[in-house]
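The values are calculated or read from the model by the stated rules, or taken from the named source; none is laboratory data. As the structure is a computational prediction, the values presented were derived from the model and not from experiment. Here the Cβ positions follow ideal geometry from the backbone for every residue, glycine too, while neighbour counts run over all protein chains shown. Heads up: the accessible areas ignore ligands, DNA and RNA and are worked out on the full protein's heavy atoms, side chains in. Shrake-Rupley method; radii C 1.70, N 1.55, O 1.52, S 1.80 Å.
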Amino acid sequence: MISTQHMISAVAVAAILAVASPAFAGKGVTSKLKGVQTVVIAKHARNQMEWLSDAPGEKIRGSAPGVTGSVTVDPADLSTAKGKIVVPVATMKTGNDTRDRHVRGKKWLGAKQFPNITFEIQRVTEVAGSGAQARFKAHGQFTLHGVTKALTAPITLKWKDKGAGAKVKVEVKFKIALADYNIQGKRGMVGDKVGKVIEIWGNLYGAT
């Protein structure tokens, strides 16, 4: 016979597990579309990455409009996702024309020699989906200033069936260290006026 104390303990454990369990438990999102779909991120002003340089001497916030790319994915199983996102260096803006030219210049991002920043998604892990929304980690190769390094970025995906296809919103956020990509800038600037680590985030919109 189970004692009252044991029953109370069992209920308590069940309650703790329920609270600790993630709200998103599925591997995909709800959609009428079946099988692998191609989501195209078209060149548009609202498709942009933003970034923040937070240094002791100055805080700079910038953006890079006109992001493009495509991702192949089965909405029922987002772990199948693969694709590539392309960010044009030439569109980068900081709200100051002179500074913008410096950012794109040879000592910094070198837009002429390295016109694009890219993130190639090779695999996806830790998928947690529910209804029209899911979260996961995208693993791949991030290329900046001619240097390619492995990168893992947390992503939130929102999926909405529309007509014969679907509209998709992707939210991403991560950080990079300038030194990892051989970006030295003007002597003495990095660590003083420009942050050693840059925070990057974006809201991207695509359609199948």
Requested in this report: Select, from GLY140, GLY202, GLY185, the only residue that is open to solvent by less than 30 Å² (accessible area, probe 1.4 Å) and part of a loop (DSSP other than H, G, I, E, B).
Outcome: GLY185
Report summary line: Condition set open to solvent by less than 50 Å² (accessible area, probe 1.4 Å) and in contact (Cβ under 8 Å) with a residue 24 or more places away in the chain, scope the range 172-182, selection nearest to the chain's Cα centre (by Cα): answer is VAL172
Query raised in the report: Which fully enclosed strands (runs of 3 or more DSSP E) of the range 29-108 have 1 or more residues being of a type in the set (Ser, Thr, Tyr) and surrounded by fewer than 20 Cβ atoms within 10 Å (Cβ to Cβ)?
Result: 37-41, 59-65, 68-74, 77-88
Query raised in the report: Across the range 77-92, what is the total count of residues that are of a type in the set (S, T, N, Q) and under 22 Å from GLU50 (Cα atoms)?
Result: 1
